[in-house]
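Enquirer: First, the structure itself, so that you have it in front of you.
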Amino acid sequence: MISNLRYWFLIVLIFLVYVAGMFVTLFENDSAQFSVMAMRMVQENDFFSLFKGPEEYLDKPHMHYWLAALSYKIFGIYDWSYRIPGILATLLAAYSCYGLGSLLYNKHVGKLAALVFMTAQTIVLGAIDVRTDAVLTGFSILAIWQLAKYIEKGSMLAIAIGAFAAGIAFSTKGQIALLVIGLPILCHLFYTGNWKAFISWKVLLALFVFTVTITPMLYAYYLQFDLHPEKVIRGKDHRSGIFFIFWEQSFERLSGEGIGKNSSDYFFFFHTFLWVFLPWTILGVTAFYHKIKLFINQKFKYVQGSEFLTVGGITLIFIIISFAQFKLPHYLNITIPLFSVITAAYIYNLYSTNKEKTVKYLMIGQYFVLSIVLIASALICFYVFKLRNVVAYVFLIGAAILIIYYTLRREGVYMKLITISVCASLLLNAVLNLHFYPNLLDYQGGSSMSKVIVEKDIPVDRIYKVGKDYTWSLDFYNQFPVQITTPEGLKSKKDIWVYVNDDEKIMLQEKGFDWDSQLSVDQFRITRLQAKFLNPNTRKKVTRKMHLLHIY
């Protein structure tokens, strides 16, 4: 279906795209916020307490921050060192896709599943804009693979690894981990009827391993919250961290209580999936449809060589997260490994049953995806942010030659289907990581101002703010948090710098403050792109300014 040489050539190119993204400036809010939270652990040598700025942080467990802090300890506090655990977790997820695909189908499906996973748009983005989902996804799919392996083969090592992976996933994002692991496994048990696998002393071993794995996280919650009932978290005192992570967390997510609501659209994840699984969306939707149709025709009766783990898990997870009142696109990352496996299995089935006519129709869809990517890449490079580097032009021409070569080359339709799809992902994400994001992040006020602070040799411990806006990227790149004060508090301070937006600058002026130096940078909420910003002719209409004022 695809030669080993072609396969590993594509894998290496994908990895290089990942590496290119490691050195991009951190995005606000989540990536920069989480990096600052981990940085604080290292700087204060306190690995049991989580803080979001001045506020104690209850929302997510500690594992993601511990892994980032460990990376800081080894490599130093850099944006690329923050990303290392997330990228390693992504590679672990890819290997687990290979393992699960091989277990449920065969090694050909496993290899292709890993390739599909690593090139899915949301996964590539998740390795750059690193949040808790990278670690959650990596250890969740590892747990699913190993627990399914135990069900099939009774391996004690498999159930122990599965329990450990489930513990790490739970220690990363809480109850959602058990949900995304448990639902596919229950679907597998339901379909195969192999319930006796869990009537064994090995299950007790798994529970022991899981308990030991989550104990550090529970202890950290106990120290920070349970021992201090007087602390008021989101308007409530007597907050038990242990009770929260075992019970309250998911209900708050579903209801929007505490963290707020951002979408009551029950179809949010359905239309979001159209872009998060690019360039495999058409193939993924087709694979899911055929899998569901097959099970309906079989009346869900067990058939040797078939599996319900993937499609059943995807369906149930989609239904549950669609009822959450707080939704973000990266919540779908946990389903991408399962989609990768069924997509790979579908492509392999077309190959093994020699359905070239169907593949040719699918090729039309993939050429359409590739054409959209080519148009988007051209707009990014020649309109949104114009290329000015000769090396960039050489790279772009090389990428175009490679794509044209594989498009025109005479070879099997299956190899071409896979290669064209991967090339679409490679081109888009290479353009994003090497050109679009670096230019886009020039409009992120905090990180841009940090460069000015270094150039002007401004002491970071003399920088204050009077507003409530978080300054994550400025905090991280200064490696020192911007200190919070009030206009009244500024009156007693001399020779300081105040970081303000346009409105705060006017407010200080009206209160009689004067300054002898003003440094300004552009500011735009880069994670909420809009047409007016992407259009260079109207960009200035939607950008603001952030200022650093020297009050003498």
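The values are calculated or read from the model by the stated rules, or taken from the named source; none is laboratory data. It should be emphasised that the depicted structure is a prediction, and the values quoted were computed from it without experimental measurement. Cβ atoms come from the backbone with ideal geometry, glycine included; neighbour counts cover every protein chain shown.
Enquirer: Tell me which helices (runs of 4 or more DSSP H) are completely within the range 150-233 and hold 2 or more residues being loosely packed, with under 14 Cβ neighbours inside 10 Å and β-branched (Val, Ile, Thr), or say none if there are none.
Expert: Helices (runs of 4 or more DSSP H) meeting the threshold: 201-221.
Enquirer: Taking the condition modelled with pLDDT under 95, of a type in the set (Lys, Arg) and either in the same structural domain as Leu26 (by TED's automatic domain parsing) or within 27 Å of Asp522 (Cα to Cα) (or both), does Arg410 pass?
Expert: Criteria not met by Arg410.
Enquirer: Now for a separate question. When the residues of the range 94-146 are filtered to those that are of a type in the set (S, T, N, Q) and closer than 15 Å to Gly162 by Cβ, which remaining residue is farthest from the chain's Cα centre (by Cα)?
Expert: Ranking the candidates gives Gln146 first.
Enquirer: Could you tell me which of the residues Ile292, Ile296, Ile282 is more than 22 Å from Ile334 (Cα to Cα) and in a helix (DSSP H, G or I)?
Expert: Among Ile292, Ile296, Ile282, only Ile296 is more than 22 Å from Ile334 (Cα to Cα) and in a helix (DSSP H, G or I).
Okay, residues lined up against (1) farther than 25 Å from Ala143 by Cα; (2) outside any helix (DSSP H, G or I):
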residue: Leu26; (1), (2): yes, yes
residue: Met41; (1), (2): yes, no
residue: Phe48; (1), (2): yes, yes
residue: Asp59; (1), (2): no, yes
residue: Arg83; (1), (2): no, no
residue: Ala89; (1), (2): no, no
residue: Leu92; (1), (2): no, no
residue: Cys97; (1), (2): no, no
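Enquirer: Yes or no: the range 17-29 includes at least one residue that is more than 30 Å from Leu223 (Cα to Cα), surrounded by fewer than 15 Cβ atoms within 10 Å (Cβ to Cβ) and out of contact with any helix residue (DSSP H, G or I) (no Cβ under 9 Å at 6 or more places or on another chain).
Expert: No, the range 17-29 has no match at all.
Enquirer: Please determine whether any residue of the range 291-302 is among the basic types (Lys, Arg) and touching a residue at least 60 places away in the same chain (Cβ under 8 Å).
Expert: No, the range 291-302 has no match at all.
Enquirer: For Val500, work out the one condition from (1) farther than 24 Å from Gln33 by Cβ; (2) not polar (S, T, N, Q); (3) not in a loop (DSSP other than H, G, I, E, B) it doesn't fulfil.
Expert: (1)
Enquirer: Separate question: So which residues in the range 278-312 are touching a Leu at 6+ places or on another chain (Cβ under 9 Å), of a type outside the set (A, V, I, L, M) and over 26 Å from Ser425 (Cα atoms)?
Expert: Ser306, Glu307, Gly312
Enquirer: Kindly list, by first and then second residue, each pair from a residue in the range 70-84 that is free of Cβ contacts under 8 Å to residues at least 60 places away in the same chain to a residue that is surrounded by fewer than 20 Cβ atoms within 10 Å (Cβ to Cβ) and assigned to a loop (DSSP other than H, G, I, E, B), limited to pairs with Cβ atoms under 6 Å and residues at least 6 apart or on different chains.
Expert: From the range 70-84, the pairs are Trp80/Phe23.
Enquirer: Something else about it: Being without any contact (Cβ under 8 Å) to a residue 40 or more places away in the chain, within 23 Å of Val341 (Cβ to Cβ) and not hydrophobic (A, V, I, L, M, F, W, C) is true for just one of Lys196, Lys173, Lys149, Lys153. Which residue is that?
Expert: Among Lys196, Lys173, Lys149, Lys153, only Lys153 is without any contact (Cβ under 8 Å) to a residue 40 or more places away in the chain, within 23 Å of Val341 (Cβ to Cβ) and not hydrophobic (A, V, I, L, M, F, W, C).
Enquirer: Can you tell me how many residues within the range 338-378 are among the aliphatic types (A, V, I, L, M), surrounded by 13 or more Cβ atoms within 10 Å (Cβ to Cβ) and free of Cβ contacts under 8 Å to residues at least 12 places away in the same chain?
Expert: 2
Enquirer: Right, something else. Select from the range 503-524 the residues that are charged (D, E, K, R) and outside any loop (DSSP other than H, G, I, E, B) and write down the one among them that is farthest from Gly445 (Cα to Cα).
Expert: My answer is Glu510.
Enquirer: Just the residues that are within 18 Å of Tyr105 (Cα to Cα), surrounded by fewer than 17 Cβ atoms within 10 Å (Cβ to Cβ) and among the β-branched types (Val, Ile, Thr), please, taken from the range 300-322.
Expert: Val303
Enquirer: I would also like to ask the following. Examine the range 2-21 for a residue that is among the small types (Gly, Ala, Ser) and under 30 Å from Thr353 (Cα atoms), and state whether such a residue exists.
Expert: yes
Enquirer: Here is a follow-up. Out of Ile128, Ile123, Ile159, Ile144, I need the residue that is under 27 Å from Asn45 (Cα atoms) and assigned by TED's automatic domain parsing to the domain that holds Ile334. Which one?
Expert: The conditions single out Ile128.
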